[in-house]
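The structure appears below as structure tokens.
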């Protein structure tokens, strides 16, 4: 359990630091080789091929990733998770105190988001190493038992059973890294012979491919095609490798003494050969897979009813709980509209397409309508229906609706105008400036998702995280502005031509994010997590100014 927790701790730190940039990195690849390399790197940092497969499935569902590119990313992710085992299985116990000390200090003593998450990652790696040492220590008495040699010999002799055990182990642990690290540790301490460990590892490779298939079972067809194709190819190659090693290799080779690192190298060789063999067929496989698993025909489906204009019905307010739930539904709808307005901002900065800009601005009227519905609904609630606490909650929801409407105005009246002006002036941003704006845009999109979760759950930890992200956006705006001024001082022509638009965009991004993050404020105040003011309210008499 410590091993599983530590792997998740590292993945959480990486996702919170760089998760907003994953989409741009993953969808920007033009070749299957580049996509495979991206998948490998992502798996190295996330320490999970399943996490890479889930990210790929999500982007495939939205249409941002094609079949061939997505399959190449998943294949590269499997190779990346194999490479991280090479690092974690080495003798790094001496590094544990350093990782704990540095990671703990960064997480506890620093306020910068990325430094805090770097501390989380370092502590996670340290806990992985500690859990592996615990596992080795726990196996010491079992190694001397009478039943272990019987089981070990049976698994070495019956490689099919060992293969199935490895497959089940990886699926049940939901982590191929954790499962294979366990197999490697068992071989290292002599609890299992190399032959049994090899069959377990081949099975774990197949079991790890089942994980994304199971987790994406409710997703759209494009996502399921990618992970299912990976399962089929990985299953075929794992079975071939299992029989090839156990039937073709000399018995003396398999029964000889091997270190745990030999098992890691065999695991890497399996995944590397898998990538080399499958990569040329990633794009070609799309046609047979779609033919075998075609899109569902829409002719047999009933017509989709039109979306209602509002989730609120002033004539049916219901109980206080029902009224507050209806307000949350309408606020969630309003948040989705604002997200739809903000999402294409960077694309429109590049294209300047007038029709698309007008479409985004037209959505602002729908946001305004939502605010009008919420205002009318709250005003129509009888004063005797709700107690003081419910009335306060309704008022806070109305205040957040005003903030959402203001956020929509920021997009429609400021960002869309700036996109049009950028196109009219035929100006461009510097590469550094464009990357800074992209990163802020990606982070704010992630914050909108987080704000929706806070709105639904009222979770204190999520509210704290959203408030910290608000501060991080302020810092990002300040850093980008300073870098922009440095580029101006260096005489960079691109920065000079787009200077006003760059600075106004930074300010608009910050204002938009502040309005979105306002949903966290009532929760933090109610739990005593915010101060009324950051000013010192009482000063010593020696420092008071004379009247």
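Brief remarks follow.
- Any hit, region 122-130, residues being crowded, with 19+ Cβ neighbours inside 10 Å, modelled with pLDDT under 80 and in a helix (DSSP H, G or I): yes
- Checking every residue in region 415-431 against the condition of being within 30 Å of residue 320 (Cα to Cα), out of contact with any helix residue (DSSP H, G or I) (no Cβ under 6 Å at 6 or more places or on another chain) and touching a residue at least 24 places away in the same chain (Cβ under 8 Å) gives zero matches.
- Residue match in region 491-502 (condition: over 30 Å from residue 425 (Cα atoms), in a helix (DSSP H, G or I), at pLDDT below 90 and in the same structural domain as residue 389 (by TED's automatic domain parsing)): no
- Applying the criterion of being at pLDDT below 70 and within 30 Å of the chain's Cα centre (by Cα) to the residues of region 259-310, the residue that is surrounded by the fewest Cβ atoms within 10 Å (Cβ to Cβ) is 307.
- Of the residues making up region 153-181, those that are at pLDDT below 80 and buried (at least 20 other Cβ atoms within 10 Å of the Cβ) are 155, 156, 173, 175, 176, 177, 178.
- Residue in region 334-345 that is touching a residue at least 60 places away in the same chain (Cβ under 8 Å), assigned by TED's automatic domain parsing to the domain that holds residue 520, surrounded by 19 or more Cβ atoms within 10 Å (Cβ to Cβ) and under 22 Å from residue 500 (Cα atoms) present: yes
Residue-wise test of (1) at pLDDT below 90; (2) surrounded by 24 or more Cβ atoms within 10 Å (Cβ to Cβ); (3) closer than 23 Å to residue 228 by Cα.
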position	(1), (2), (3)
68	yes, no, yes
75	no, yes, yes
86	yes, no, no
91	yes, no, no
102	no, no, no
108	yes, no, no
111	yes, no, no
115	yes, no, no
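- From 389, 399, residue being over 19 Å from residue 332 (Cα atoms), in the same structural domain as residue 512 (by TED's automatic domain parsing) and within 36 Å of the chain's Cα centre (by Cα): 389
- Within region 440-460, residues that are without any contact (Cβ under 8 Å) to a residue 60 or more places away in the chain reach no partner that is surrounded by 19 or more Cβ atoms within 10 Å (Cβ to Cβ) and not in a helix (DSSP H, G or I) with beta carbons closer than 9 Å at six or more positions or on different chains.
- Among residues of region 1-41, those that are modelled with pLDDT of 80 or more and outside any helix (DSSP H, G or I), counted: 1
- Residue tally, condition under 18 Å from residue 488 (Cα atoms) and touching a helix residue (DSSP H, G or I) at 6+ places or on another chain (Cβ under 7 Å), over region 432-443: 4
The values are calculated or read from the model by the stated rules, or taken from the named source; none is laboratory data. These numbers come from a predicted model, not from an experiment. Backbone-built Cβ (ideal geometry, glycine too); neighbour counts: all protein chains shown.
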